[in-house]
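Heads up, the thing below is written out as structure tokens.
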Amino acid sequence: MTLPASLPEFEGDPAQLYLLAALLTRDGAITRHGRALLKECILRRDPRLTAIMKGFHDSEADEAFVERVNALVESEALALHADVFDECPLEVAKALSKRERNAKQLDGEKSLIYGEVEFGYFARVLRKIAPRNGGVFYDLGSGSGRALVIARLLHDFDVCKGIEVLENLNGAAQIICKRFEVLASDVLDARTSKKIEVQCNSMLDVDWSDGDVVFANSTCFEDDLMGSMARQAERLKPGTYFITFTKGLGSDAFDVIERKRYKMSWGPATVFIHVRKNLDGSSFEAPPLTNIPDDASYQSDDDEVGSPPSSPGSPYDDDEDVDFETASHDTVDDDEFEGLEDLVAARR
């Protein structure tokens, strides 16, 4: 984008910052929800704004200035995301998943191994795509809803929808949705949707062909599930983005427009960004991905595929060589776990 040369010199006047936030939103540099989060910083006169505005008046390159603004917006969203999940930390969600799979004798189903996205790299991937205002975001295998809340905070989708096959996790996600409504209602843009919907079902039994951006944390998905998901993905309309981790869709109906390897908490993993081709098989002319400078999370463009983790600090909850159930409960407060479990049971 081209920043306005006529903006009055910054002297700590909130009105000037509100004007800049509006201009950045108009030009698509930040979303409407992003503008609302930026306004929260302005209202409390966040000292980080001074450094950002100094870069603006020092004729810092437009891209660098916008990157710093987005970094501030994402830090605000991360803080809100942490508040939303305060009562459902990662270890509690792992334990909910593990307990249900044990009870239903599903431990052999590797595709059900619990994994969650981390805020930073997922926010980065979504910003590269720069989804248009409106549309539908899907998370296939949505767990406790972490990716849904990231997408909701940082982008202006009409609705973010999650599909999760395990009842315990879906019940936790329903609680998270209610908590999000309470915490975000006065912070995000009042005229933009804040809707999140979750359902307990198999992704293969739900029609998600209306999606505009679809995500699947597919690191532990078995080949049969990947194949079935890819075939169903072919029902998506041309131009739809489909994000997967570790494994690509392997479908001729999609172009892979980016394949990058990142350092995740469990080790390196490849992030695939696909775009649905036109119905005649030709490539869809999607806008170029937003250029975001690589940070410490980026590893390489190596095509090697990473393996699931084997560390108790991982977002994944079990491995053949580690007793993750025991490791998880060592860090979970019993009252915290049982309280959330009771809430989940009450929602059934």
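For every residue, the table says whether it meets (1) modelled with pLDDT of 90 or more; (2) among the β-branched types (V, I, T).
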| position | (1), (2) |
| --- | --- |
| M1 | no, no |
| E11 | no, no |
| S59 | no, no |
| V73 | yes, yes |
| A79 | yes, no |
| F85 | yes, no |
| R101 | no, no |
| D107 | no, no |
| L112 | no, no |
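With respect to the conditions (1) within 14 Å of the chain's Cα centre (by Cα); (2) at pLDDT 85 or above, E116 falls short on a single one, namely (2). In the range 122-141, the qualifying residues are those that are more than 19 Å from E63 (Cα to Cα) and not hydrophobic (A, V, I, L, M, F, W, C), and the one that is surrounded by the most Cβ atoms within 10 Å (Cβ to Cβ) is D139. Taken as a whole, the structure places E67 among residues that are within 21 Å of P287 (Cβ to Cβ) and either outside any helix (DSSP H, G or I) or at pLDDT 85 or above (or both). Which members of the range 201-231 meet the condition of being of a type in the set (F, W, Y) and in a loop (DSSP other than H, G, I, E, B)? W208, F221, listed by residue number. Looking across the range 178-195, the residues that are surrounded by fewer than 20 Cβ atoms within 10 Å (Cβ to Cβ), in a helix (DSSP H, G or I) and touching a residue at least 24 places away in the same chain (Cβ under 8 Å) come down to R179, L183. Of all residues in the range 135-171, count the ones that are over 24 Å from E222 (Cβ atoms) and touching a Ser or Thr at 6+ places or on another chain (Cβ under 8 Å). Number satisfying all stated conditions: 6. In the range 235-249, the qualifying residues are those that are out of contact with any Asp or Glu (no Cβ under 9 Å at 6 or more places or on another chain) and either over 18 Å from S111 (Cα atoms) or among the basic types (K, R) (or both), and the one that is surrounded by the most Cβ atoms within 10 Å (Cβ to Cβ) is F242.
Each row is one residue, and each column tells you yes or no for (1) surrounded by 12 or more Cβ atoms within 10 Å (Cβ to Cβ); (2) over 17 Å from A71 (Cβ atoms).
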site: A15; (1), (2): no, yes
site: L23; (1), (2): yes, yes
site: A29; (1), (2): yes, no
site: H33; (1), (2): yes, no
site: L37; (1), (2): yes, no
site: R45; (1), (2): no, yes
site: L49; (1), (2): yes, no
site: M53; (1), (2): yes, no
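Assigned to a helix (DSSP H, G or I), of a type in the set (V, I, T) and over 19 Å from A123 (Cα atoms): does that describe V198? It is false that V198 is assigned to a helix (DSSP H, G or I), of a type in the set (V, I, T) and over 19 Å from A123 (Cα atoms).
The values are calculated or read from the model by the stated rules, or taken from the named source; none is laboratory data. As the structure is a computational prediction, the values presented were derived from the model and not from experiment. Here the Cβ is made from the backbone with ideal geometry for all residues, glycine too, and neighbour counts use every protein chain on show.
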